[in-house]
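This report refers to the structure that appears directly beneath it.
Read the figures in this text as sums done on the coordinates, not as results from a lab. These figures come from a predicted structure and were not determined experimentally. Virtual Cβ from ideal backbone geometry, glycine too; neighbours counted across all protein chains shown.
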Amino acid sequence: MNFMQAIQSCLSQYATFSGRASRSEFWWFFLFQILALIVSGMLGDVAYSILALLLLLPALAVGTRRLHDVGRSGWWQLLTVTGIGYLVLLYWFVQPGEAQANGYGEGSVA
């Protein structure tokens, strides 16, 4: 998946927390967020805040789908509240996806 496909995929599935997201989709969208927030930060605090809020739900959704791809529940994103949890999530986000279906997002309640 290339940069534009990843952005289109994430924004078209902005509130889809089921399914899986590849590493490339997750990281290309992450790069897009960083670049967009840097540019909006140059425009002012209001523009930055609005864009950050607009990108929050798609970021959570793609993060959940990425965790599904490595066999974890999207609820693990709550680790960010602890601060150190970012390192655990980073480790999971860089892992290759599982080859078999893991059940997350396929109607399961995990």
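Tell me which of 39, 24, 50 sits at the most positive position along the dipole axis of the range 1-88, charges placed on C-beta atoms (Lys, Arg +1; Asp, Glu -1).
So the residue furthest toward the plus end is 24.
Once you keep just the Cα pairs under 8 angstrom separated by 6 or more residues, what percentage relative contact order results for the chain?
Relative contact order comes out at 32 percent.
Whole-Hz Karplus ³J(HN,Hα) for the range 34-46, in order, using 6.51 cos²θ - 1.76 cosθ + 1.60 and θ = phi - 60°, x for Gly and Pro?
4, 4, 5, 6, 5, 5, 5, x, 6, 7, x, 5, 5
Work out from phi, with θ = phi - 60° and the Karplus expression 6.51 cos²θ - 1.76 cosθ + 1.60, the ³J(HN,Hα) of each residue of the range 9-23, listed in order in whole Hz, and give x for Gly and Pro.
5, 5, 6, 6, 10, 4, 10, 9, 9, 10, x, 9, 10, 6, 4
Starting from the 7 Å offset along Cα-to-Cβ, what nm value, one decimal, do you get for the label separation of residue 73 and residue 23?
It works out to 2.6 nm between the two label points.
Let me see the pair-distance distribution of the chain: every alpha carbon pair, 5 Å bin width, integer percents in order.
Pair shares across the bins are 2, 13, 21, 23, 21, 12, 5, 2, 1, 0.
Given 0.36 nm per residue, what is the gain on full extension from residue 8 to residue 87 after removing their alpha carbon distance, in nm?
25.7 nm
To the nearest 20 Debye, how big is the dipole of the chain about its Cα centre, given +1 on the beta carbon of each Lys and Arg and -1 on that of each Asp and Glu?
Working: 5 positive and 5 negative charges, 19 e Å.
It works out to roughly 80 debye.
Mind listing the phi-derived Karplus ³J(HN,Hα) values for the range 80-97, rounded to whole Hz, using 6.51, -1.76 and 1.60 with θ = phi - 60°, and x for any glycine or proline?
4, 5, 7, x, 5, x, 4, 5, 5, 5, 4, 4, 5, 5, 8, 6, x, x
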